[in-house]
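Data block below; observations after.
Computed from the coordinates by the stated procedures, all read-outs in this text should not be read as laboratory data. Predicted, not measured: the structure shown is a model, and the values here were computed from it. A quick note on method: Cβ atoms are made from the backbone with ideal geometry, for glycine too, and the neighbour counts reach across all protein chains shown.
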Amino acid sequence: MTTIADISKDNVSKTAQTVGDPAWLKANRDAAWERYSATPYPTRKEELWKYTDLSRINWGKYAVGTTENVVLSTLEKDAAARGAIFCTLADALKKHPELVQKYLGRNTDTVNGKYAFENLAFTDRGFFCFVPKGVKITTPLHVETQSTQDGATLFPRTIVVLEEGAEATVFDQFTSPNAKDGVIGYTNARVELYVGQSARLHYLQMQNWHNGMLHLLEQHAELERDAYLSATTISLGGHISKSTIAAILKAPGAVSYLFGLGYGNDKQQFDHHTMQTHLAPNTTSDLLYKMAMNDRARSTYTGIITMTPDAQKADAYQSNKNLLLSKTARANTVPQLEILANDVRCTHGASVGTVEDEQLYYLESRGLSREVARDMIVHGFFEDLIGKLPEETLKNAVRKAVNDKLGTTIELEDIAL
């Protein structure tokens with residue numbers, strides 16, 4: 001059994017053969033392997049890894065080449081007839097290789113360094129979504145990546161492309177149905193979102209892995225003129241979860257909304273880093289991340305808004321709010337601004353607080369137990385963010401996932417009031 005600790009270039013070739021790579025992708029993998037081999041693992045001396053220490057991870061426990069499920073919903077017949085594509089990455093490489101080549105690895109910007117090169121070298125699953133000019137998909141597209149195998153490694157890659165005037169909603173879900181206690185796993189995911197001129201994309205990603213999963217993710221979005229993106233990240237599972245989320249506003253009129261929600265308990269650790277980068281004038285970005293931590297859970301948020309010299313009259317906002325539910329829970333928040341233009345509006349805010357005794361007393365005085373009262377407060381804390389999702393089915397999916405994580409008996413109908 002080959003593990004992450006002893007992978008070699010031979011494993012890159014085996015992955016290419018298994019997936020059925022065209023020549024250009026095999027060359028990309030080889031180049032990524034060379035960079036992976038030459039790049040050291042990040043350490044806590046680096047600012048973005050200050051609160052997430054992976055130096056003690058035993059990479060010999062994670063087996064390369066494991067098989068897990070990827071389940072996709074059905075694409076609308078009308079959209080398919082008009083040229084829309086929604087399929088696994090392996091199928092897209094076989095049926096639409098030239099189109100995939102145009103976008104896979106098109107952007108090489110990376111914050112995760114060695115881990116990003118690892119993903120491209122070993123990408124073995126994922127999906128490809130392409131919506132042609134003017135096509136509007138009305139039903140949310142759902143992808144579920146599942147993992148229950150002990151020691152499993154997954155290197156998924158998500159590619160979503162919307163051409164001019166296209167519209168779509170994508171629900172990208174990571175789950176561990178019926179995973180046994182003590183199972184461990186490692187996922188290293190890359191998401192690339194390309195939102196064309198006047199296109200509208202709603203992207204919801206929810207990771208609800210089993211508690212033994214190490215989850216790394218890097219998400220990169222590019223927005224053209226008058227493009228609209230709403231990207232929501234839900235973090236509930238895993239032992240350690242580190243996500244890097246970037247929105248690049250490349251042309252005037254581009255609008256980006258980044259939302260995040262996380263609930264941690266036991267000794268879970270969540271680390272979110274966001275980047276709102278304005279490259280053009282008259283662009284708008286907004287961000288709201290909310291984290292609730294219980295027991296000995298840890299949350300870290302670092303976010304930066306960058307206004308380049310060309311980003312005149314741009315507007316950006318960033319807010320991170322943290323709710324601590326125990327005396328041993330912790331939250332670190334580091335919002336940052338880099339303003340290189342002189343005619344912009346740019347603000348940020350951050351808060352860390354606890355549940356107020358008055359709130360608990362009010363709910364308990366109406367017959368609720370302290371545990372249910374606390375859960376109601378957590379749901380209320382999250383509800384304004386959940387309400388920003390575009391579809392009622394998506395809102396209820398998130399509410400149910402939070403409900404299940406809390407282990408509460410609160411009815412969804414009561415939460416939505």
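Normalised by the number of residues in the chain, the average gap of Cα pairs under 8 Å and 6 or more apart makes the relative contact order 9 percent. Couplings for the range 217-227, taken from phi via the Karplus curve 6.51 cos²θ - 1.76 cosθ + 1.60 with θ = phi - 60°, read 8, 10, 10, 10, 10, 10, 10, 8, 4, 6, 6 Hz in order; Gly and Pro are left as x. Here's the list of lysines a cross-link from LYS290 could span, going by alpha-carbon distance under 20 Å and ignoring same-chain residues fewer than 8 apart: LYS242, LYS267, LYS321, LYS327, LYS388, LYS395, LYS400, LYS405. About its Cα centre, the dipole of the range 4-251 is roughly 200 debye, where the only charges are +1 on Lys and Arg Cβ and -1 on Asp and Glu Cβ. Amide H to amide H distances under 5 Å link CYS346 with ALA316, where only residues 5 or more positions off or on other chains count and H is placed in the peptide plane. Here is how the number arises for the chain: DSSP H runs of 4 or more residues each give -39500 (n - 2.57), the sum is divided by the residue count, and the result at 222 nm is -7000 deg cm²/dmol. Applying 1/(1 + (r/R0)^6) with R0 = 30 Å to the Cβ-Cβ distance of LYS250 and ASP404, what FRET efficiency is obtained, to the nearest 0.05? With a Förster radius of 30 Å, E is 0.20.
Of the trypsin sites (Lys or Arg not before Pro) in the range 316-369, the ones in a loop by DSSP (not H, G, I, E or B) with at most 11 other beta carbons within 10 Å are LYS327, ARG366.
Here is the P(r) of the range 217-273: all C-alpha pair distances, binned every 10 Å from 0, give 22, 43, 23, 11, 1 in whole percents. For the range 145-177 and the range 187-216, compute the distance between their C-alpha centroids and round to whole Å. Measuring centre to centre over Cα atoms gives 6 Å.
Taking ALA189, ALA179, ALA331 in turn, the Gaussian network model of the chain (Cα-Cα springs below 10 Å) assigns the largest fluctuation to ALA179. For the range 1-157, the convex hull spanned by the alpha carbon atoms encloses 143 Å³ per residue. Placing one equal scatterer on every Cα of the range 279-417 and applying the Debye formula, the log10 ratio I(q)/I(0) at q = 0.10, 0.13, 0.21, 0.22 Å⁻¹ is -0.45, -0.69, -1.22, -1.28. For the range 109-138 versus the range 339-410, the inter-centroid distance based on Cα atoms is 30 Å. Subtracting the Cα-Cα distance of THR88 and THR148 from their residue separation scaled by 0.36 nm leaves 19.6 nm.
By the count of neighbouring beta-carbon atoms within 10 Å, fewest first, ARG370, ARG298, ARG82 end up ordered ARG370, ARG82, ARG298.
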